[in-house]
Amino acid sequence: MFVEFSARNFRSLRAEQTLTMVSSTDRAHLLTHTIETGARSVPRLNRSCVIYGANASGKSNLIFAMATMRNLVLNSMSMLEAALADQYTPYRLERSSAGDPTEFEIVLLIDGIRYQYGFSYDTQRIRDEWLIVYKSGKGQSWFERRWNNAKSTHEWAPFSSYFSGSKEIWKQATRPGSLFLTTAIQLNNEQLKPLWNWFMDGLAVVNWPGAFGIGQTLKRMEDPAFKAQALRLLRTADLHIADIEVENIPGHQFALKIETGKAPEMSTSPQDVPSVKYVHQLEGEDPVAFDSRYESAGTQRLLSYVGPILDALQAGKLLVVDELDSSLHPMVVQFVLGLFHDPEVSKRGAQLWMTTHDTSLLETDILRRDQVWFMDKDDRQASRLSPLTDFSPRKGEALEKSYLRARYGGVPFIARTHLN
């Protein structure tokens with residue numbers, strides 16, 4: 001289960017910003033909106049969190065930071081130097097921070113064991129990397145390396161006695177631009193697999209346009225059981241879809257190759273392209289199929305989410321969605337949230353992290369106060385993440401009205417101006 005994520009010096013995230021799912025002592029919606037973990041250090045975690053903020057406040061950057069961390073964990077061993085450099089996008093509005101490393105850290109609870117893993121990097125190398133594992137109350141520092149600028153080398157702390165295997169071989173095989181975690185996994189380490197597997201299979205990030213989501217959904221439509229669940233979900237959301245027909249038709253895949261110092265190269269290759277038809281039917285009438293030109297953007301967007309949503313609910317994943325509410329009715333967004341909050345539907349502890357502008361969710365009968373976050377920018381145009389609980393809202397306070405009146409921040413400042 002996802003506990004918390006921190007990012008520093010990544011795009012607009014200058015200072016360290018931390019999003020946590022740890023539940024407060026508030027007893028509101030305790031049995032539905034929170035998960036009992038069985039761990040003494042984090043007894044309860046929230047099933048969802050919602051981030052509000054003005055356009056360009058940094059909400060998407062926090063999600064992209066998570067996606068970048070995942071990409072480095074899974075692929076750093078095979079990355080070329082130029083690819084690593086592309087992952088480095090620091091806060092650039094201050095000269096003093098332009099060359100500072102980017103840093104990520106995540107805390108996870110997997111099979112009752114808490115993992116605290118992080119690393120920092122720049123254009124040339126992974127600078128620092130560490131893993132602390134809590135099997136009981138006291139943390140075990142399984143590995144740690146720090147970059148020494150003066151000596152131009154990594155300094156490694158002694159490996160923990162609890163961390164077994166060919167540690168020195170993995171250490172020697174770790175290239176400057178690779179993570180030790182990635183290297184050890186590629187060289188058949190078993191102890192780190194739960195952590196690695198979470199990045200591989202326990203996390204799904206969906207950004208709009210939802211190419212990832214629609215592809216995953218359409219591919220799984222070949223499974224009759226999944227298709228039946230998908231159609232049931234769409235009908236429950238009052239979309240009146242009788243069937244979804246998917247046909248693969250001949251087409252082309254386009255690829256753009258960009259290399260430093262060379263002109264961009266465009267290539268195409270033959271590949272079947274899925275054509276989707278949405279079937280509607282009135283009682284006593286023949287079914288009628290509409291292609292995507294005639295189906296609403298909201299229906300198509302929700303369809304793109306069906307695969308990731310059902311996959312997360314069934315496997316107990318963390319699903320991260322940027323602007324879930326775009327093209328969706330507020331009641332449909334509430335419906336999706338409700339799936340994650342329902343212990344009978346989300347039996348394996350799935351979690352949802354979403355950004356939104358839908359202020360109708362700011363009701364205490366929909367969300368706990370510790371599930372609501374706001375992203376704002378300071379006077380240096382750096383993003384700042386704050387939980388609603390920092391503002392100590394009164395019991396029964398009209399949260400939506402207070403938010404729109406800028407009591408919590410996270411809203412745009414609209415200046416009066418003349419366009420002529």
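Bear in mind these aren't lab numbers, they're just calculated from the coordinates by the rules spelled out. Given the structure is predicted, the values throughout are model-derived calculations rather than measurements. Neighbour counts run over all protein chains shown; Cβ positions are idealised from the backbone, glycine included.
A few comments on the model shown:
- The fewest-to-most ranking of I63, I110, I366 by surrounding Cβ atoms within 10 Å reads I110, I366, I63.
- Longest exposed-site-free window of the chain, the sites being trypsin sites (Lys or Arg not before Pro) in a DSSP loop that have at most 10 other C-beta atoms within 10 Å: 263-393
- Among (1) 22.6; (2) 23.6; (3) 24.6, the entry that matches Kirkwood radius over Cα pairs in Å as calculated here: (2)
- Backbone phi angles across the range 373-390, fed through the Karplus curve with coefficients 6.51, -1.76 and 1.60 (θ = phi - 60°), yield HN-Hα couplings of 10, 10, 10, 9, 10, 8, 6, 9, 6, 9, 6, 9, 9, 9, x, 4, 4, 5 Hz in residue order; Gly and Pro are listed as x.
- For the listed residue pairs K138/K167; K219/K277; K193/K317; K167/K193, the alpha carbons are over 19 angstrom apart in K138/K167.
- Relative exposure of Y115, Y294, Y305, judged by other C-beta atoms within 10 Å (fewest first): Y294, Y115, Y305
- Within the chain, percent of DSSP bridges classed antiparallel, to nearest 5: 80
- Farthest positive-ward along the chain dipole, Cα basis, beta-carbon charges - from Y278, T153, Y117: T153
- The range 104-129 and the range 315-378: distance between their alpha carbon centers, rounded to Å: 26
- Taking a ≥ b ≥ c as the square roots of the eigenvalues of the Cα gyration tensor, the range 243-389 is oblate, since a/c reaches 1.5 or more and a/b is not larger than b/c.
- The angle between the Cα long axis of helix 297-315 and the main principal axis of the chain comes to about 50°, on a 0 to 90 degree scale.
- Among S392, S178, S152, residue whose mean-square fluctuation peaks in a GNM of the chain (springs only between Cα atoms under 10 Å): S152
- The ranking of V333, V372, V345 by Cβ neighbour count inside 10 Å, starting from the fewest, reads V345, V333, V372.
- Dipole size of the range 1-155 about its Cα centre, with +1 on Lys/Arg Cβ and -1 on Asp/Glu Cβ: approximately 240 debye, rounded to the nearest 20.
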